[in-house]
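*Asks:* My structure is below; once you've seen it, I'll send some questions.
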Amino acid sequence: MSGSAFAPVDQYYLLQARQMQALSFAVHIPLVCFGIAFPLMVLFAEWRYLQSGDLLFRTLARRWSKVMLALFAVGVVTGTILSFELGLLWPGFMAAFGNVFGLAFALEGFSFFVEAIFIAIYVYGWDRLPPRRHFLSGIPVVIAGVTGSLFVISVNGWMNNPGGFALENGVAVDANPWAALFGNSYFWHEFVHMYVAGYMVAGFCVGGVYAWDFLRGHRGRYERAALAIALSAAAIASVLQPVIGDWAAREVAKKQPIKLAAMEGLAQTTSRAPEHLLGWYNGQTVVYGLEIPGLLSLLAFHNLNATVQGLETAPPTDRPPVNVVRLAFQTMAGIGTLLALIGFAFLYVRFRKGRLPHSRWFYRAVIVAGPLSLIALIAGWVTTEVGRQPWVVYGFMRTSEAVTGAGGLPIGYATLVVVYLGLACAVVWLLLRFRRLPLDRSDSSLPSGSEFTPSPAAEAFRAR
Amino acid sequence: MLADVPIILILVGLAAYTVLAGADFGAGFWILFPAGGRTSPAVTRDHARHAIGPVWEANHVWLIFVLVVCWTAYPVAFGSIMSTLSVPLFVAAIGIILRGASYALRGQLDSAPQRRLIENIFALSSVLTPFALGTVVGAIASGRVPVGNARGDLVTSWLNPTSVLIGALAVATSSYLAAVYLAADARRLVDRTLGFDFRARALWAGIVAGALALGGLVVVRSDARLLFEELTTGGGLAMVGLSAAAGLATLASVWAGRLGPARVSAALAVAAIVGGWSVAQHPRLLPGLTIGQAAAGRATLTALVLAVAVGAIVLVPSLVLLFSLFLRGRLDAGPVAAPIIDVPGTKLADRSRPLLGFALVCLVVGTGLMVFADSGWTRVVGITCLCAFAVSAFMLSATMSDAQGNERRGNRPEYAKFSGQEEQR
């Protein structure tokens, strides 16, 4: 079949198509974080119940698992939209390269199956499966959450560092999917970076809920147990993330120097390149920023005198929009640093003093950390995806060659915005509703007269 | 030969989606039209809604499976279909969002006044989505999707007699399957009237779906002559006959109250329609593009088949487990069957000091390897060390009991302050 059948079309609304994809992605990706991290937190709580016999942990796991299922359901549909959009918006990309990267999505499909099957058994089986078997039914959910994101990110790694095919008439031939996807050294840092981010987002968002309770004086056993699990996960992840980020930055410096130049607003190839904090790229240099000499060379190559490639080495049509990428990168790195400090403070108090922090300011920071972690997550993906522009397959196919020839994109875009706004309201409302469920009602199976009457917390909930 | 394997996988996925997810869509249809039975509409709606709870997500994944196999194995055909049929596919996508979100939302709304609105959104999108997907099938079957980036007509490709017929047929078969399954589920819940109602609905929906399928052949004859001829000769005809026979058998079983066999024969009747379409069209995928011409290279196909084979080893037992629990009522809501078992607690031995030391060593070694070395194996060791740090630090931090902290520091007043605040309220 001919590649010419998929000759590039003149799509006036290319930018809108990209924004639609970005919007759908930004809606889906926070849910992925919960898919990665939440099952393990829920299972940990249940393991604590099995190990200690303390029904408090059963209540906690049970309540969390219902939130987990609701978020998974929303993730199922938003993820489906993404796979539809791959074809609806980028048929040229799918037609030319589907044979190279499609395999990863097939594997992801099976992860998705396993996740959907066992999350249902786990959440619907609370009252009817024996405790140990119930716990075991949660384990595939954890594994599938990891493998699912691994397969999807392997595709993104391939788009940024393509290989495993030959190009003929604009269509990939001689595809070797295994080598293209998993023989690619460039995707591991993306995967680890995202995986750790998943724990930061889920941990801080869940922790923020209980931090709110703490500030309002609800400091019962239930809240303390929930905070300990959520914040331990978030704190450890956010302390590790700078190390992973450093690895990622060095990989980008090696394989996608133009992306790095855009992240830093570096117009000319420079040795002993400075790093600018804040500021604005005016087409030649970064203005109004705080300049730290040599820091960029140090960060990118771990050598103060290293030469960093500038934007001038790529023709203007091959450069990504600098300020978008730069702002996104600075946002991510800045928030990441803040979160690492919060995480460090938590771990310090936890290990030095053996307790949760007392400071009200700490809990205020945790409440803010939830939304901040979401912003950093999306900013990070903007950095790597807008930084990939104008390519969809880096160096091989431009987004303008991939886009659909169908009309009516603005109508679709507007519809999608309205639907997603409704979805966002629904999810927020749903989460608030979960919170308002009284503790004891959510766990109808609690035997009466058991020693778990977490009276302080339950009373607190009733008192509201 | 190898080029045909993925299309068989696609058809298996499509048949599974049409039957399993179809029955879930059909539950939405009965939520939209719950009247006319002896049971109250409210009870009928709740039954239809609860019945799909544990399985709808897994059933939905068959659609993803079909999409990914299609774009991996037949990329050009996939690009052509998605671009020309962007309108109905976008509508289906919106329907899928509305449906999933409203279902998740409805589960938490038992007493809220907005519950009817949310339920109606769920029900309407459950009708809209299969209709839109049916028009897509109609467009492909009647040869209205040319090869190329949005080369077909964006409107008439899916708004034509065959597409509308198949869209309507999709809604009808979904409602029919749902009625059969809901009748069987009602019997499990020992609700005789509800079961009787759904048996009546199954009979009516079966007659409508059958009439639509057979009567629709007249529409296909005038609108898509080639498809009609392929459907009424050879293998196509055999499949149409099989579908009709299975449909009649289902009606008889439902009439006689034998709902177990009815589940199977109803599924067969619907799956045979998918089979008939595929046999009729084989080997043509799109006009001027056969399956062999559309197929990706050998390495891709081999990798895909291998991946699906390995995936099936995991998937099949998982599905069997899910459906056996589901059909035996082990995932039903409602009163607890087995009392919750008290788990004997064991106290964790306090190994916190050595574990903390281990965690710190892992952190230092891992960070050092990640930051100061730059080769593959140092990365592997580095990440392993950081993972070991994460796990051990998490175990320490998350299992640390508050009391332990108090004892160690002897600072009871701090916690007295906390509980004091609680008591004050």
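The values are calculated or read from the model by the stated rules, or taken from the named source; none is laboratory data. Given the structure is predicted, the values throughout are model-derived calculations rather than measurements. Reconstructed Cβ throughout: ideal geometry from the backbone, glycine too, with neighbour counts over all protein chains shown.
*Asks:* In the range B:351-425, which helices (runs of 4 or more DSSP H) lie fully inside it and hold 1 or more residues that are at pLDDT below 65, over 42 Å from the mean Cα position of the chain (by Cα) and at the interface with chain A (Cβ under 7 Å from one of its Cβ atoms)?
*Replies:* Output list reads B:402-409, B:412-424.
*Asks:* Let me ask another. Would you mind stating whether A:L347 is within 18 Å of A:V209 (Cβ to Cβ), of a type outside the set (K, R) and either free of Cβ contacts under 8 Å to residues at least 40 places away in the same chain or in the same structural domain as A:K259 (by TED's automatic domain parsing) (or both)?
*Replies:* Criteria not met by A:L347.
*Asks:* For B:R201, are the conditions met, namely being in the same structural domain as B:W158 (by TED's automatic domain parsing), among the basic types (K, R) and over 21 Å from B:G167 (Cα atoms)?
*Replies:* So B:R201 fails the test.
*Asks:* So, in the range B:91-108, exactly how many residues are in contact with an Asp or Glu (Cβ under 9 Å, 6 or more places away or on another chain), facing chain A (nearest Cβ under 7 Å) and farther than 11 Å from A:V419 by Cβ?
*Replies:* Number of matching residues: 1.
*Asks:* Residues A:F301, A:F329, A:F351, A:F344: which one is buried (at least 21 other Cβ atoms within 10 Å of the Cβ) and aromatic (F, W, Y)?
*Replies:* A:F329 is the lone residue from the list that is buried (at least 21 other Cβ atoms within 10 Å of the Cβ) and aromatic (F, W, Y).
*Asks:* Tell me which residues, restricted to the range A:375-398, are away from chain B (no Cβ under 14 Å) and farther than 17 Å from A:E190 by Cα.
*Replies:* Within the range A:375-398, A:I375, A:Q389, A:P390, A:W391, A:G395, A:F396, A:R398 meet the criteria.
*Asks:* Here is a follow-up. For the range B:58-91, give me each residue that is without any contact (Cβ under 8 Å) to a residue 12 or more places away in the chain and not aromatic (F, W, Y).
*Replies:* B:V61, B:I64, B:L67, B:V68, B:M82
*Asks:* May I ask you to list the residues in the range B:289-301 that are at the interface with chain A (Cβ under 9 Å from one of its Cβ atoms) and either of a type outside the set (A, V, I, L, M, F, W, C) or part of a helix (DSSP H, G or I) (or both)?
*Replies:* Those that are at the interface with chain A (Cβ under 9 Å from one of its Cβ atoms) and either of a type outside the set (A, V, I, L, M, F, W, C) or part of a helix (DSSP H, G or I) (or both): B:Q293, B:A294, B:G297, B:A299, B:T300, B:L301.
*Asks:* While we're on this one: Which count do you get for residues in the range A:166-188 that are farther than 25 Å from A:K254 by Cα and either free of Cβ contacts under 8 Å to residues at least 12 places away in the same chain or more than 9 Å from chain B (Cβ to nearest Cβ) (or both)?
*Replies:* The qualifying residues number 5.
*Asks:* Still on this structure, please answer the following. Any residue that is part of a helix (DSSP H, G or I) and over 15 Å from B:A123 (Cβ atoms) - is there at least one of those in the range B:40-56?
*Replies:* Yes, the range B:40-56 contains at least one residue that is part of a helix (DSSP H, G or I) and over 15 Å from B:A123 (Cβ atoms).
*Asks:* While we're looking at this one, here's another question. Determine whether B:A23 is under 28 Å from A:G148 (Cβ atoms), touching a helix residue (DSSP H, G or I) at 6+ places or on another chain (Cβ under 9 Å) and more than 14 Å from chain A (Cβ to nearest Cβ).
*Replies:* Criteria met by B:A23.
*Asks:* Only helices (runs of 4 or more DSSP H) wholly contained in the range B:144-232 count here; list those with 3 or more residues that are crowded, with 24+ Cβ neighbours inside 10 Å and out of contact with any strand residue (DSSP E or B) (no Cβ under 9 Å at 6 or more places or on another chain).
*Replies:* Counting at least 3 such residues, we get B:161-188, B:192-223.
*Asks:* Right, something else. Which of the numbered conditions does A:N282 fail, given that it passes all the others? Conditions: (1) surrounded by 18 or more Cβ atoms within 10 Å (Cβ to Cβ); (2) without any contact (Cβ under 8 Å) to a residue 12 or more places away in the chain.
*Replies:* That leaves (1) as the condition not met.
*Asks:* Same structure, new question: With the checklist (1) modelled with pLDDT under 95; (2) crowded, with 23+ Cβ neighbours inside 10 Å; (3) part of a helix (DSSP H, G or I) in hand, flag the one item A:S149 doesn't pass.
*Replies:* Condition (2) is where A:S149 drops out.
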